[in-house]
Structures are given as structure tokens and as C-alpha cells.
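The values are calculated or read from the model by the stated rules, or taken from the named source; none is laboratory data. Model, not experiment: these values are computed from the prediction. Glycine also receives a Cβ, built like all others from the backbone with ideal geometry; neighbour counts cover every protein chain displayed. Remember, those area values only see protein heavy atoms, side chains included, never the ligands or the DNA or RNA. Shrake-Rupley method; radii C 1.70, N 1.55, O 1.52, S 1.80 Å.
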Amino acid sequence: MATIFRDLSYRYQWFYDTISRLAALSVGGEGKFRQLALQGLTINSGKDDRILDLCCGSGQATQFLLKYSQNVTGLDASPLSLQRAKKNVPQAEYVEAFAENMPFADNSFDLVHTSAALHEMQPEQLQQIIREVYRVLKPGGVFALVDFHQPQNILFIPGLWIFFWLFETETAWMLLKTDLLGLLTASGFRDSQQNFYAGGSLQVIQTKK
Ligand SMILES: C[S@@+](CC[C@H](N)C(=O)[O-])C[C@H]1O[C@@H](n2cnc3c(N)ncnc32)[C@H](O)[C@@H]1O
């Protein structure tokens with residue numbers, strides 16, 4: 001079941017975007033969801049801060065990051081997603097690469113943002129990605145992410161489970177059992193803030209190198 005819908009959502013952007021928009025209603029709409037990880041951030045000293053949208057997909061969040069800086073890079077492993085991102089958000093630069101082995105120098109970015117992507121990673125891969133994010137961030141730079149979390153309000157459990165059964169794989173279920181904040185802290189991140197939305201089924205973490 002999951003593979004059919006998952007495959008369709010990745011093959012047809014309109015399908016992915018429709019599902020994202022419907023899911024985002026739980027936090028007040030897509031615009032709100034796309035900027036959830038950025039709330040309260042004072043990232044920019046100016047419009048030149050270097051921002052990385054990690055696992056940028058078709059640029060769904062990349063367009064919002066351009067409000068903070070003109071210097072935004074999107075990275076994704078999928079050539080098809082990057083092709084769409086270049087068309088949807090041509091103002092950003094794009095790099096095709098794996099998040100666990102990024103082709104950037106140490107201390108390159110002021111902000112690394114990632115939305116709805118870490119739940120696709122195997123545990124080892126997730127740890128390697130966290131290490132890579134730490135490496136490419138400048139000292140004092142911010143890692144801001146939004147992803148799934150085990151719901152704290154039981155009313156949100158059926159909706160999340162149906163969503164997972166239709167669209168996700170075992171890695172999303174694994175993320176529900178993962179202490180993401182603990183992993184970040186163990187990798188050296190500090191001054192972390194974790195906030196929950198949609199009955200706890202979404203978590204936002206902002207943390208610093
Ligand atoms: C669910 S989409 C999220 C896209 C977008 N960030 C959003 O908020 O809608 C996950 C994205 O992660 C990318 N991805 C998955 N594994 C990756 C990896 N190891 N390195 C880079 N990108 C990866 C996929 O190609 C896909 O575009």
C-alpha cells in the first residue's frame with residue numbers, strides 16, 4: 001500500500017503538493033508549515049547569510065528561505081526533484097548530493113534547514129547526516145528542522161498512522177522512537193529548543209553549533 005501512494009507522490013509533484021497541503025492544515029496551512037522551523041530565528045546579520053536547504057525536494061521550503069537571504073543552496077539526492085526545484089525556485093542554487101556526504105567545506109553555512117526529510121533516513125545514515133550538518137555549519141550557526149514525532153495527544157495518532165501506512169516506510173516509524181534531540185546533543189549541538197505541533201506529531205528543533 002505505502003509503496004503505491006509513495007511512488008505516486010514522488011512521481012507527480014501535484015500529488016505530493018496536494019498531500020503536503022492537506023497535512024499542513026494540522027498546523028494552520030502550508031505557509032505556516034513551511035516556516036515552522038524558522039519561527040523566532042534571528043539568523044541574519046544581513047541578506048548574505050549562507051543558507052542550506054537540506055533534502056530540498058522540489059523547493060517547497062526553499063522559496064521561503066529566500067526571504068531570509070539571497071544566498072540559498074538546495075541539496076537533494078534526486079535529480080528529478082532538483083530539476084523541479086530549479087524550475088519552481090530559480091533564485092536558489094542547487095547541488096545534487098547525498099546529505100551524508102556533502103560537497104561543502106567545513107564551516108560554510110550560517111543556517112542549515114531541513115523539512116520532512118530526516119524520517120527517510122536509516123539510523124546510521126541519520127547519525128552521519130547530523131555529523132555532516134555540524135561540520136558544514138559555521139561556529140554559532142543554526143540547524144533548524146521540522147519532522148515527525150510520536151504524538152503526545154492520542155487524538156492525533158490515527159491520522160498519523162494512516163498517513164504513515166499510505167506514504168511512508170519503516171524509517172518514519174523508526175523516527176518516532178528516536179530521540180532526535182539526544183542525537184544532536186551527542187554530536188555537539190547546544191542551546192537547543194524543541195517545540196511540538198499538531199498534537200505532538202510534529203517536532204521543530206532549533207539548535208546551534
Ligand atoms: C519528503 S521529501 C521532503 C522535501 C522537502 N524538504 C519538503 O519539505 O517537502 C524528502 C527529500 O529528501 C531527499 N532525500 C532522501 N534521502 C536523501 C539523502 N540521503 N541525501 C539527500 N537527499 C535525500 C529525497 O530525494 C526527497 O526530495
- [ ] Please report, in debye to the nearest 20, how large the charge dipole of the chain is about its Cα centre when each Lys and Arg carries +1 at its beta carbon and each Asp and Glu carries -1 there.
- [x] 440 debye
Open item on the list: Accessible area of the chain with a 1.4 Å probe: how many percent of it is carbon plus sulfur?
Closed with: 56 percent
Open item on the list: Can you list residues from other chains, or at least 5 along the same chain, whose modelled amide H is less than 5 Å from the amide H of residue 108?
Closed with: 137, 138
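Given a Förster distance of 30 angstrom, what is the FRET efficiency for residue 21 paired with residue 192, based on the Cβ-Cβ distance and rounded to 0.05?
It comes to 0.55.
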Open item on the list: Given the -39500 (n - 2.57) contribution per DSSP H run of 4+ residues, what per-residue ellipticity at 222 nm results for the chain, rounded to the nearest 500 deg cm²/dmol?
Closed with: -10500 deg cm²/dmol
Task: Theoretical FRET efficiency, 1/(1+(r/R0)^6), r = Cβ-Cβ of residue 32 and residue 124, R0 22 Å, to 0.05 - done: 0.10
Task: For residue 57, distant residues with modelled amide H under 5 Å away - done: none
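Per residue, how much accessible area does the chain have with a 1.4 Å probe, in Å²?
48 Å²
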TODO: Compute the FRET efficiency between residue 8 and residue 87 as 1/(1 + (r/R0)^6), taking r as their Cβ-Cβ distance and R0 = 25 Å, and round to the nearest 0.05.
DONE: 0.80
